[in-house]
1. How large is the dipole of region 51-122 about the Cα centre if only Lys and Arg carry +1 and Asp and Glu carry -1, each at its Cβ, rounded to the nearest 20 debye?
2. Net charge around Leu117, counting only other residues with Cβ within less than 12 Å of its Cβ (Lys, Arg = +1; Asp, Glu = -1)?
3. Give, rounded to the nearest 20 debye, the magnitude of the charge dipole that the chain has about its Cα centre when Lys and Arg contribute +1 at Cβ and Asp and Glu contribute -1 at Cβ.
4. Using the Cβ atoms and a cut-off under 9 Å, what net charge is assigned to the surroundings of Gln201, where Lys and Arg are +1 and Asp and Glu are -1?
5. Would you work out the relative contact order for the chain, in percent, from Cα pairs under 8 angstrom that are 6 or more residues apart?
6. Taking every DSSP beta bridge with both residues inside the chain, roughly what % is antiparallel (nearest 5)?
7. Which of the three applies to region 1-150, rounded, prolate or oblate, going by the alpha-carbon gyration tensor with a ≥ b ≥ c and a/c under 1.5 meaning rounded?
8. Apply the a/c threshold of 1.5 to the C-alpha gyration tensor of region 334-446 and tell me whether it is rounded, prolate or oblate.
Amino acid sequence: MINLEIPLGKRTRSYRFFEMLPGILSWGAIILLVILSLVNPLLAGVYILLIIGTLLVKAAGIAYHTLVGSRRVENAQKIDWHARLLDLADPVTAYARVSASPSRELGAAAHAENLRLMANAAEQEFPKPDDVFHAVIVATYNESYEVLQPTIESVISGTFNPKQIIIVIAYEERGGKAIQGTVKQLRDEYAHRVKAFELVQHPKSLPNEVVGKGANITYAGEYLAGWLEKKNIPLQSVIVTTLDSDNRPHKTYFDYVAYEYIVRDDRKHLAFQPVSLFLNNIWDVPAPMRVVATGNSFWNIISSMRPHTLRNFASHSQPMEALVEMNFWSKRTIVEDGHQYWRSWFYFGGKYEVIPIYVPIYQDAVLSDTYIKTLKAQFVQLRRWAYGASDVPYVATRVFSRNRNVPFWAGFSRLVRLIDGHVTLATVSIIVTFGGWVPLFINSEAARSVAANQLPEVLSVLQRVAMIGLFITIFLSFKMLPPRPERYKRHRSIGMVLQWLLMPLTAVVYSSLSSFYSQTRLILGKYLDTFDVTDKATVDSGPKQASGSDK
């Protein structure tokens, strides 16, 4: 049996080296700039320009993927996924119909091809739509009814048959008595509308667990496996989706996932990743949080356009059969979502793929009950995401092992991209913002150097070129915005434009510093072993109601 677990306690020397590597490279990039500025300002300028040049190349790709990805998400929401799912019940008849009268609807050709392949695959049995169940595990800590109820409602009120939905609310014993009353109220209100509505309390202080979402949903998953066995529901018929307490799946999400699950052959080795958009409360949060949330939303759109680098993030779906076989999620990390990709990839010997689902799951941006608490909560959330650098040693020690069970070069290329992503997140914003001034400030000779004095001006020109991507983001962000709540006047929309002046500040304070924080803790061996619950608040025309949330 392959060992999938993250070590607890003392690490091996090789594991510790790779734990430290992202932080060493990130700090090294900044220190190298300082050293070059002291020794030779011209070399420092070349170093900075190489970084900026590389960034501009990446920015071009990002701008392209942002435009195409946004269009793809927009188009996918127009497709009647429920009707297409029902076509899979009788692909022979459906194919005869669509081939006799070809449709110009979006994605119609791909749908017709899926029907053709299924209709002619006489020896292969595909699951029938009526036999597929969605088990939805909603992770919660101490969220209020006002946070959880819209999530449950969005799951049930979509286009997928609710009688094929099993809801499991995974709540924490450490959340207190209030959450127990909340989840029981929700069960009383919604149990009659779904196949089943189960409540699973995760006990506190279980051994070999960090305090986090992974242990909670794994405990619920183990309960669900036993429940399915009692009900004689085959594991192969169940797709498990994990949701945070503030998630609102698009109305066609479950139809879309069931469709992709049925039409693909090697479905056990797949996961399905929607586009997470942090837009639920975007009108309510302070400007810095709007910039961060919008940037994260677009990054998720961009990621969906790059299937070869797509990873599990936040809410995602995976077959129950695979989850049971690999013992669900990790209970030893606070970033169980991204880690699930690596856990699955190594368990299945590299035979694992994340399929993009181009409809959104809407999530909350960070909002606490005061401005200062909100600023702090945003940093806490991002430092937890940045702690995904802890996956580097997990991947590296398995790729470089003599007993590896994955192709070396496939593993090595993934490892390089993983390290590059974390180092880039930590360093680029700082170097772009301040790098051009460093030689002038720390080397008196640089003040007499024409090249050194022109460097800030050159960087300014390059930054203006990069502004093209920012303008694209601003334009598309307005298209994605939910309707402006009546409690806000029209001038609130002006703030939605002016907020982007804060982008350099948020990039440095939140993206860079949160990454340095997490990577430095890994260097020092001071591990983050508690999932710091992010404050969220619901806002209506009355007072705010603050609560915790798992993301």
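1. It works out to roughly 240 debye.
2. 0
3. 1060
4. Once all neighbours under 9 Å are counted, the net charge is -2.
5. 23
6. 30
7. Verdict is prolate for region 1-150.
8. Verdict is oblate for region 334-446.
Computed from the coordinates by the stated procedures, all read-outs in this text should not be read as laboratory data. These numbers were taken from a predicted model, which means no experiment stands behind them. For neighbour counting, all protein chains shown are included, and Cβ atoms are generated from backbone atoms with ideal geometry for every residue, glycine included.
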